[in-house]
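One structure below.
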Amino acid sequence: MSAHSPGLPAAVLGTGQTHHVARRTDVSMSGLCREAIDAAMADAGVGWDEIDAVVVGKAPDLFEGVMMPELMMADALGAVGKPLLRVHTAGSVGGSTAVVAASHIQSGRYRRVLAVAWEKQSESNAMWALSLPVPFTAPVGAGAGGYFAPHVRSYIRTTGAPEHVGAMVAVKDRLNGSINPHAHLKQPDLTVDKVLQGQMLWDPIRFDETCPSSDGACAIVLGDTAAAEEVESTGRRVAWVHATALRTEPGTFAGRDYANPQASRDAAAALWAEAGITDPAEEIDAAEIYVPFSWFEPMWLESLGFAAPGEGWRMTESGATARDGSLPVNPSGGVMCSNPIGASGMLRFAEAARQVMGRAEEHQIPGARKALGHAYGGGSQFFSMWVVGSERRR
């Protein structure tokens with residue numbers, strides 16, 4: 001593994017997001033993005049003249065049927081006359097976009113960078129877009145759920161995890177989402193029994209164990225040391241970027257571990273090393289992990305190094321990942337409550353930043369000082385992660 005230097009310090013100055021719902025018929029994609037952008041810039045206390053570059057994250061164009069929408073949206077994104085870069089790493093794109101934006105600051109090239117990601121699923125059909133007969137590849141035929149269900153079955157079979165664990169994650173995340181004013185799904189009365197009695201969509205994934213289809217957007221303003229110190233001088237916190245990681249692997253190869261991909265393990269190892277973290281479960285105060293289907297919580301707990309192989313489900317079952325547990329996972333409700341696909345990863349990164357900035361409102365984890373933002377995409381083949389902290393790393 002090649003050595004990686006984090007470069008100059010970078011920090012999240014402000015975040016913004018829309019209210020996530022099934023259909024936003026009142027705004028275009030441009031209008032949706034501007035809601036998040038305006039909120040992020042207000043949170044950061046900056047104006048357009050202070051933004052040096054714009055980085056855009058977008059999931060596959062087929063999701064909305066608009067090719068290269070960033071071209072027609074350049075004005076709305078505030079990118080006219082400024083560098084504009086688009087990032088695309090499937091469902092992990094929101095996280096990858098935040099990492100790329102941070103790298104622009106870390107390089108010393110720019111002082112402040114705006115990152116924005118979005119999805120307007122109501123204008124197309126992601127199930128259809130994910131079910132095309134790709135040449136030389138067996139068609140999925142049933143969207144993301146049909147693709148990932150065998151990975152979940154493999155995890156259950158190899159670890160002996162009981163079927164109620166997935167339901168426990170669903171109940172926890174929907175309860176968390178019920179106190180997040182931006183969340184799409186709010187089910188404070190959901191119970192494990194109700195989940196287990198629900199419709200089976202893709203064995204073993206039931207109706208309430210899957211994410212919604214959402215319209216929404218997220219934006220982040222990142223800045224260098226001087227920009228961060230300007231914000232701190234007003235008495236507001238920033239979220240210092242302690243480490244970032246991106247890793248990729250092919251979707252298919254002999255011996256591939258679909259439930260615990262090598263790229264995921266490599267990204268996590270690189271992330272913890274760069275952040276100077278030796279015991280993630282003890283040193284991370286809140287984790288926003290990309291969990292579109294409930295069973296991915298225990299799977300990713302193992303892949304990220306929070307739990308030993310085969311023990312992730314025990315960590316979930318013990319209550320450790322609840323809001324009052326030792327490692328709160330998805331206190332915002334996560335992807336299980338809001339899933340504007342292109343923005344879902346950035347939401348994880350932004351929510352991690354909000355925790356250490358003390359701006360997570362109703363779902364704030366008291367005393368959170370270090371947080372993880374995580375996203376994955378494609379056939380569990382693209383991974384993006386960052387660790388942010390309330391204090392600058394020395």
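The values are calculated or read from the model by the stated rules, or taken from the named source; none is laboratory data. The shown structure was predicted, so the numbers you read here are calculated from the model rather than taken from an experiment. As a convention, Cβ positions derive from the backbone with ideal geometry for all residues, glycine included, and neighbour counts pool all protein chains shown. When the accessible area is computed, the model is the full protein with side chains, heavy atoms only, and any ligands, DNA or RNA have been set aside. Shrake-Rupley method; radii C 1.70, N 1.55, O 1.52, S 1.80 Å.
Mind checking which residues of segment 195-227 are in a helix (DSSP H, G or I) and either farther than 30 Å from residue 391 by Cα or not polar (S, T, N, Q) (or both)? Of everything in segment 195-227, those that are in a helix (DSSP H, G or I) and either farther than 30 Å from residue 391 by Cα or not polar (S, T, N, Q) (or both) turn out to be 195, 196, 207, 208, 209, 226, 227. Looking at 57, 45, just one residue is among the small types (Gly, Ala, Ser), in contact (Cβ under 8 Å) with a residue 12 or more places away in the chain and surrounded by fewer than 17 Cβ atoms within 10 Å (Cβ to Cβ), and that residue is 45. Selection of first residues in segment 73-86 that are more than 17 Å from residue 110 (Cβ to Cβ) and of second residues that are assigned to a loop (DSSP other than H, G, I, E, B) and among the small types (Gly, Ala, Ser), restricted to Cβ pairs under 9 Å at least 6 apart or on distinct chains, gives the following pairs, ordered by first then second residue: 73/28; 73/79; 76/28. For the structure I just gave you, tell me whether residue 385 is among the aliphatic types (A, V, I, L, M), in a helix (DSSP H, G or I), modelled with pLDDT of 95 or more and open to solvent by less than 10 Å² (accessible area, probe 1.4 Å). Here the answer is no, as residue 385 does not meet what is asked.
Looking at segment 285-306, which of its residues are in a loop (DSSP other than H, G, I, E, B), buried (at least 24 other Cβ atoms within 10 Å of the Cβ) and of a type outside the set (Phe, Trp, Tyr)?
From segment 285-306, those in a loop (DSSP other than H, G, I, E, B) are 285, 289-292, 294-295, 304-306; that's our starting set.
From what is left, the residues that are buried (at least 24 other Cβ atoms within 10 Å of the Cβ) are 289-291, 294-295, 304, 306.
Within segment 285-306, 289, 291, 294, 304 meet the criteria.
Only a single item in (1) farther than 23 Å from residue 354 by Cβ; (2) outside any loop (DSSP other than H, G, I, E, B) is not met by residue 42, and it is number (1). Here is a check on your reading of the model: is residue 130 surrounded by 20 or more Cβ atoms within 10 Å (Cβ to Cβ) and modelled with pLDDT under 95? In short, yes.
In the list 215, 224, which residue meets the criterion of being open to solvent by 20 Å² or more (accessible area, probe 1.4 Å) and touching a Pro at 6+ places or on another chain (Cβ under 9 Å)? So that I can check it myself, show each step before the final result.
Numbers: 215 fails: open to solvent by 20 Å² or more (accessible area, probe 1.4 Å).
It is 224.
Tallying residues that are under 18 Å from the mean Cα position of the chain (by Cα) and of a type in the set (D, E, K, R) within segment 237-263 yields 1.
Residues in segment 83-101: is at least one within 27 Å of residue 268 (Cα to Cα), among the polar types (S, T, N, Q) and surrounded by fewer than 18 Cβ atoms within 10 Å (Cβ to Cβ)? Step through it out loud before you land on a result.
As a first pass, look at segment 83-101 and keep what is within 27 Å of residue 268 (Cα to Cα): 85-101.
If we keep only those that are among the polar types (S, T, N, Q) too, we end up with 89, 92, 96-97.
Subset that is surrounded by fewer than 18 Cβ atoms within 10 Å (Cβ to Cβ): none.
Within segment 83-101, none of the residues are within 27 Å of residue 268 (Cα to Cα), among the polar types (S, T, N, Q) and surrounded by fewer than 18 Cβ atoms within 10 Å (Cβ to Cβ).
When the test is whether a residue is within 25 Å of residue 363 (Cα to Cα), open to solvent by 30 Å² or more (accessible area, probe 1.4 Å) and assigned to a loop (DSSP other than H, G, I, E, B), residue 324 passes it. Taking segment 60-78 as the range and being of a type in the set (A, V, I, L, M), assigned to a loop (DSSP other than H, G, I, E, B) and either in contact with a helix residue (DSSP H, G or I) (Cβ under 8 Å, 6 or more places away or on another chain) or open to solvent by 60 Å² or more (accessible area, probe 1.4 Å) (or both) as the test, the residues that pass are 66, 67, 68, 73, 76, 77.
Of the residues 166, 177, the single one that is under 30 Å from residue 35 (Cβ atoms), in contact (Cβ under 8 Å) with a residue 60 or more places away in the chain and open to solvent by less than 40 Å² (accessible area, probe 1.4 Å) is 177.
Considering segment 248-264, the residues that are outside any loop (DSSP other than H, G, I, E, B) and either open to solvent by less than 70 Å² (accessible area, probe 1.4 Å) or free of Cβ contacts under 8 Å to residues at least 40 places away in the same chain (or both) include one that is farthest from residue 385 (Cα to Cα), namely 262.
Being at negative phi and within 18 Å of the chain's Cα centre (by Cα) holds for only one residue in 55, 46, and it is 55.
Restricting to segment 149-194, count the residues that are polar (S, T, N, Q), touching a Gly at 6+ places or on another chain (Cβ under 8 Å) and outside any helix (DSSP H, G or I). Write out each step before concluding.
Residues of segment 149-194 polar (S, T, N, Q): 154, 158-159, 176, 178, 180, 187, 191.
When the remaining residues are screened for being touching a Gly at 6+ places or on another chain (Cβ under 8 Å), the result is 158-159, 176, 178, 180, 187.
Okay, now just the ones that are also outside any helix (DSSP H, G or I), so 178, 180, 187.
Residues flagged as polar (S, T, N, Q), touching a Gly at 6+ places or on another chain (Cβ under 8 Å) and outside any helix (DSSP H, G or I) within segment 149-194 amount to 3.
Just one of the numbered conditions (1) over 23 Å from residue 27 (Cα atoms); (2) open to solvent by less than 40 Å² (accessible area, probe 1.4 Å); (3) among the hydroxyl-bearing types (Ser, Thr, Tyr) is not true of residue 122: (1).
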